[in-house]
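Here's the structure, in structure tokens; my notes come after.
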There are 2 protein chains.
Amino acid sequence: MSAIHTLSVVGLGLLGGSVALAARRRRAAARILGTDHCPAALDRAREAGLLDEAVTGLRPAVEPADVVVFCAPVDAIARLALSAAPFCRPGALLTDVGSTKARIVQDLDGRLPPGVDFVGAHPLAGSEKHGLEHARADLFDGRLVLLTPGPATERAALERARAFWESLGARAQTMAPEEHDRALALTSHLPHLVASALAGTLPPEWRGLTGTGFRDTARLAAGPPAVWAPVFRANRAAVLDALGRLEGQLARFREALGGEEALLEALLVEGKRARDGLPPA
Amino acid sequence: MSAIHTLSVVGLGLLGGSVALAARRRRAAARILGTDHCPAALDRAREAGLLDEAVTGLRPAVEPADVVVFCAPVDAIARLALSAAPFCRPGALLTDVGSTKARIVQDLDGRLPPGVDFVGAHPLAGSEKHGLEHARADLFDGRLVLLTPGPATERAALERARAFWESLGARAQTMAPEEHDRALALTSHLPHLVASALAGTLPPEWRGLTGTGFRDTARLAAGPPAVWAPVFRANRAAVLDALGRLEGQLARFREALGGEEALLEALLVEGKRARDGLPPA
């Protein structure tokens with residue numbers, strides 16, 4: 001039995017495609033619609049057959065929906081949701097996959113028509129790969145989805161959002177949008193920045209001298225700039241703060257390399273302990 | 001037909017164990033001996049059955065060998081080779097797996113008994129995992145091994161070293177020890193330093209908010225400090241130089257986040273291009 005009748009996905013990239021595939025595999029919705037402002041993405045979705053209908057236009061895509069998931073760059077989500085909401089049925093639940101939350105929640109909290117609810121969400125799932133062709137039905141399996149209610153979010157809407165994301169295989173956890181952005185600046189945006197900076201330091205003539213170490217440390221740099229630039233902009237202050245912490249740690253390494261012998265071991269042990277202490281993948 | 005009769009491996013961790021396993025699988029040696037200064041490592045090697053004989057003591061391990069591979073931390077390799085060489089047969093070839101080369105080659109070049117040759121080697125293979133239990137027969141398959149002859153290295157010895165490493169499945173490439181250390185400071189030692197620094201900035205209460213991105217970017221931090229501290233020390237100047245390049249790139253990100261809008265995209269595109277341009281894993 002499907003928990004919801006019609007699910008609409010707005011934005012058909014890696015995450016939007018994976019929402020559709022996961023919903024279908026787990027029978028989380030009886031009918032799955034999707035739309036994208038890019039005609040080529042709609043064509044690819046039709047070819048891939050991962051939707052019941054690939055719809056042209058935001059209004060026809062959201063009108064019949066019980067749940068709408070916005071899978072767009074973070075600087076487009078609030079605008080899309082505000083455009084879509086007037087056409088949504090009373091009782092419709094809107095949610096998203098944006099990597100930053102404070103600004104999106106602020107732009108939408110208490111500003112939607114009566115009966116239409118938005119609950120911000122951020123699934124900690126993804127890949128440096130992008131595009132519908134990399135979408136996977138198991139992308140959310142066992143992954144954490146952070147739900148970030150605002151002051152105006154109804155408890156019932158939050159519970160529906162939790163149930164929806166759990167129906168895709170994720171584990172849901174609630175946190176304040178601002179706390180989310182501070183934490184993710186360090187746990188997600190900083191790794192991306194560091195990977196990109198590391199890749200950017202590599203002289204082309206040394207490419208052949210990289211091994212799996214360089215490759216993995218720089219993996220995130222392959223992510224799409226069009227997705228990541230808005231994330232950094234939306235979370236500027238917290239990312240700068242996280243970057244400051246990293247620069248501080250690098251300065252300690254510099255000091256250790258300059259002759260503070262015991263500090264070098266201490267830093268490496270500290271890093272190893274932290275990495276070993278991460279939850280299993 | 002084995003290319004060599006007796007192979008001896010000095011140091012039975014991930015790399016030493018993998019040299020033994022690869023040599024056995026590819027029949028690169030008729031007989032494989034190994035030793036380690038740590039009795040527990042010898043016991044593990046005996047239990048794992050990856051050697052024809054696990055030998056106690058350096059002298060009995062190297063006396064019968066045609067090829068000796070030193071798989072120890074970089075600050076121990078030259079000392080071990082100098083201690084072993086007087087007991088080696090004329091015609092014995094010594095090689096190693098150290099991640100830095102200039103100092104080791106300098107300490108050994110032209111300083112071994114007549115008829116005993118050393119050719120420095122650095123297989124770009126490994127893992128954040130360590131210890132014999134993670135050794136793999138395919139660790140060197142298709143991997144690059146950098147050979148770093150010194151001024152006194154005979155051409156014939158270099159060719160024997162190339163043939164030996166290729167017999168384990170690796171591709172061999174020759175470069176000067178100093179050039180090796182400058183390049184690897186950036187392509188290998190810097191990623192390790194960055195991974196460790198990133199892991200070290202993570203407040204324990206945010207561990208649960210990391211995903212595969214943080215995990216992979218910080219993967220190398222799990223490597224053994226006892227192996228990596230000597231690498232950083234042996235290659236101090238080049239690592240500081242590589243760190244300076246990274247700090248410069250991070251400063252550009254800081255500038256971009258401070259309001260240089262176009263720079264942010266440019267940096268992300270630059271990083272993506274570099275990462276996408278890496279040779280396949």
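Throughout, read-outs are computed from the coordinates displayed, never taken from laboratory work. Because the structure is predicted, anything quoted here is derived from the model rather than measured. Cβ sites come from the backbone with ideal geometry, for glycine too, and all protein chains shown count toward neighbours.
Given Cα pairs under 8 Å that are at least 6 residues apart, what percent is the relative contact order of chain A? Working shown, then result.
Values: 490 pairs, mean separation 46.5, N = 281.
Relative contact order, chain A: 17 percent.
Given springs between every Cα pair under 10 Å in a Gaussian network model of chain B, which of B:ARG182, B:ARG245, B:ARG103 has the largest fluctuation?
Of B:ARG182, B:ARG245, B:ARG103, the most mobile in the Gaussian network model is B:ARG245.
Which one, B:ASP96, B:ASP43, B:ASP138, has the greatest fluctuation when you compute a Gaussian network model over chain B with C-alpha springs under 10 angstrom?
B:ASP43
Name the residue farthest towards the positive end of the dipole of chain A from the options A:GLY200, A:ALA262, A:ALA251, assuming +1 on Cβ of Lys and Arg, -1 on Cβ of Asp and Glu, about the Cα centre.
Ranked along the dipole, the leading option is A:GLY200.
Kindly provide the pair-distance distribution of the range A:1-61 built from C-alpha pairs, with 5 Å bins from 0 and whole-percent values in order of increasing distance.
Histogram of Cα-Cα distances, whole percents per bin: 4, 22, 34, 24, 11, 4, 0.
Give me the inter-chain shielding for B:183-192: mean count of other chain Cβ atoms within 10 Å, whole number please. Kindly include the intermediate steps, with their values, before the conclusion.
Details: counts 6, 5, 0, 8, 12, 6, 1, 6, 12, 5.
Rounded to a whole number, the mean comes out at 6.
Using alpha carbon centroids, what distance separates the range A:69-114 and the range B:1-65, in Å?
63
In square nanometres, what is the average projected area of the Cα convex hull of the range A:102-229? Present the calculation step by step, with values, prior to reporting the outcome.
On the way: hull surface 38.6 nm².
It is 9.7 nm².
Identify the residues of the range B:233-277 with backbone N under 15 Å of a label point that sits 7 angstrom from the Cα of A:GLU247 along the Cα-to-Cβ direction, or state none.
B:244-260
Only Lys, Arg, Asp and Glu count, each charged at its Cβ (+1, +1, -1, -1), so figure out the dipole size of the range A:24-142 about its Cα centre, rounded to 20 debye.
Details: 15 positive and 16 negative charges, 35 e Å.
About 160 debye.
When all C-alpha to C-alpha distances in the range B:57-137 are sorted into bins of 10 Å, what percent of pairs does each bin hold, rounded to whole numbers?
Spelled out bin by bin, the range B:57-137 gives 18, 50, 28, 5 percent.
Treat each spin label as a single point 7 Å out from the Cα along the C-beta direction, and report the A:SER83 to B:GLU166 distance in nm.
Here the answer is 6.0 nm between the modelled labels.
By the scheme Lys and Arg +1, Asp and Glu -1, what is the net charge of all other residues having a beta-carbon under 11 Å from that of A:LEU82? Please list the in-between numbers first.
On the way: positive: A:ARG79, A:ARG111; negative: A:ASP107.
For residues surrounding A:LEU82, the net value is +1.
Place the label 7 angstrom along Cα→C-beta at B:PRO86 and in each other copy, then list the distances from the first to the rest in nm, shortest first.
With the label placed 7 Å along Cα→Cβ, B:PRO86 yields 9.3 nm.
Provide the descending list of Cα extents for the range A:238-281 along its principal axes, expressed in whole angstroms.
Principal axes ranked by extent give 36, 26, 9 Å for the Cα atoms.
What FRET efficiency comes out for the pair A:CYS38/A:ASP141, r = Cβ-Cβ distance, R0 = 30 Å, nearest 0.05?
Working: r = 28 Å, r/R0 = 0.93.
Step by step, r from the Cβ atoms, then E = 0.60.
Once the dipole of the protein assembly as shown is set up with Lys and Arg at +1 and Asp and Glu at -1 on Cβ about the Cα centre, which of B:ALA30, A:ALA238, A:ALA221 lies farthest towards its positive end?
B:ALA30
Whole Å is fine, so just give me how far the alpha carbon centre of the range B:258-281 lies from that of the range A:263-281.
So the two Cα centres are separated by 28 Å.
Spin-label point model (7 Å from Cα, Cβ direction): what's the A:ARG25 to B:GLU133 distance in nm?
3.1
Over its Cα atoms, what ratio of radius of gyration to 2.2 N^0.38 Å does the range B:104-162 give?
Working: Rg = 14.1 Å, N = 59, 2.2 N^0.38 = 10.4 Å.
That works out to 1.36 for the range B:104-162.
Whole-Hz ³J(HN,Hα) for each residue in the range A:6-18, computed from phi via Karplus 6.51 cos²θ - 1.76 cosθ + 1.60 with θ = phi - 60°, x for glycine and proline: what do you get?
Karplus-based 3J(HN,Hα) across the range A:6-18 equals 10, 10, 10, 10, 9, x, 10, x, 3, 6, x, x, 5 Hz.
Just counting partner chain Cβ atoms within 10 Å, what average do the residues of peptide A:220-227 show around their Cβ?
Numbers: counts 8, 11, 7, 5, 3, 10, 3, 1.
Mean number of neighbouring Cβ atoms from other chains: 6.
What's the angle, to the nearest 10 degrees (0 to 90), between helix A:225-234's Cα axis and the longest principal axis of chain A?
In chain A, helix A:225-234 runs at an angle near 90 degrees to the longest axis.
Could you compute the FRET efficiency for B:GLU53 and B:ARG254, with r as their C-beta to C-beta distance and R0 at 56 Å, rounded to 0.05?
About 0.45, to the nearest 0.05.
Quick one: the Cα spread of chain B along its three principal axes, in angstroms, biggest first?
67, 42, 31
With +1 assigned to the C-beta of every Lys and Arg and -1 to the C-beta of every Asp and Glu, and no other charges, what is the dipole magnitude of the range B:181-269 about the Cα centre in debye, to the nearest 20?
It works out to roughly 420 debye.
Once every DSSP H run of n ≥ 4 in chain B is given -39500 (n - 2.57) and the sum is divided by its residues, what mean residue ellipticity at 222 nm do you get, rounded to the nearest 500 deg cm²/dmol? Before the final figure, lay out each step's value.
Details: 12 runs with 131 residues, N = 281.
When only DSSP H runs of four or more count, the value is -14000 deg cm²/dmol.
Taking a ≥ b ≥ c as the square roots of the Cα gyration tensor eigenvalues, with a/c under 1.5 meaning rounded and otherwise prolate when a/b beats b/c, else oblate, which class fits the range A:163-209? Present the calculation step by step, with values, prior to reporting the outcome.
Details: a/c = 6.65, a/b = 2.25, b/c = 2.96.
Note, shape of the range A:163-209 comes out oblate.
Quick one: Kirkwood hydrodynamic radius for the protein assembly as shown, alpha-carbon pairs, angstrom, one decimal? Spell out each step's value before the answer.
Values: mean 1/r = 0.0390 Å⁻¹.
Over the protein assembly as shown, the inverse of the mean reciprocal pair distance is 25.7 Å.
I'd like the orientation of helix B:190-200 relative to chain B: the angle between its Cα long axis and the longest Cα principal axis, in ° from 0 to 90, rounded to 10.
That helix lies at roughly 60 degrees to the long axis.
With Cβ to Cβ distances under 14 Å as the rule, what net charge do the other residues near B:LEU246 carry (K, R +1; D, E -1)?
On the way: positive: A:ARG254, B:ARG245, B:ARG252, B:ARG254; negative: A:GLU247, B:ASP241, B:GLU247, B:GLU270.
After counting each charged neighbour, the total is 0.
Which Cα, out of B:PRO86, B:MET175, B:VAL9, lies furthest along the positive dipole direction of the protein assembly as shown (beta carbon charges, K/R +1, D/E -1)?
Of the options given, the answer is B:VAL9.
Nothing charged except the Cβ atoms of Lys and Arg (+1) and of Asp and Glu (-1): what's the magnitude of the dipole of the protein assembly as shown about its Cα centre? Round to the nearest 20 debye. Please list the in-between numbers first.
Values: 64 positive and 64 negative charges, 159 e Å.
Taking the Cα centre of the protein assembly as shown as origin, the dipole is about 760 debye.
Just in the range A:98-185: which GluC sites (Glu not before Pro) are loop by DSSP and have at most 11 other Cβ atoms within 10 Å?
Working: sites: A:GLU128, A:GLU133, A:GLU154, A:GLU159, A:GLU166, A:GLU178, A:GLU179; in loops: A:GLU128, A:GLU154.
When the GluC sites (Glu not before Pro) of the range A:98-185 are filtered for loop state and at most 11 Cβ neighbours within 10 Å, A:GLU154 remain.
Roughly how tilted is helix B:261-276, in degrees to the nearest 10 and between 0 and 90, from the longest Cα axis of chain B?
Its long axis makes an angle of about 20 degrees.
So what's the gap between the Cα centers of the range A:153-203 and the range B:214-236, to the nearest angstrom?
Comparing the Cα centres of the range A:153-203 and the range B:214-236, I get a distance of 28 Å.
Please arrange A:ARG252, A:ARG79, A:ARG275 by counting, for each residue, the other beta carbons lying within 10 Å of its beta carbon, fewest first. Intermediate values should be presented prior to the final figure.
On the way: A:ARG252 17, A:ARG79 14, A:ARG275 25.
The order, fewest Cβ neighbours first, is A:ARG79, A:ARG252, A:ARG275.
Would you work out the Kirkwood radius for the range B:185-234? I mean one over the mean of 1/r across all pairs of different Cα atoms, in Å. It would help to have the intermediate numbers written out before the result.
Values: mean 1/r = 0.0866 Å⁻¹.
By the Kirkwood definition, the hydrodynamic radius is 11.5 Å.
Taking only Cα atoms and a 10 Å spring cutoff, compute GNM fluctuations for chain B and point out the largest among B:LEU250, B:LEU124, B:LEU33.
Top of the fluctuation ranking is B:LEU250.
Let me check the size of the range B:189-281 from its C-alpha atoms; what are the radius of gyration and Dmax in Å?
15.3, 43
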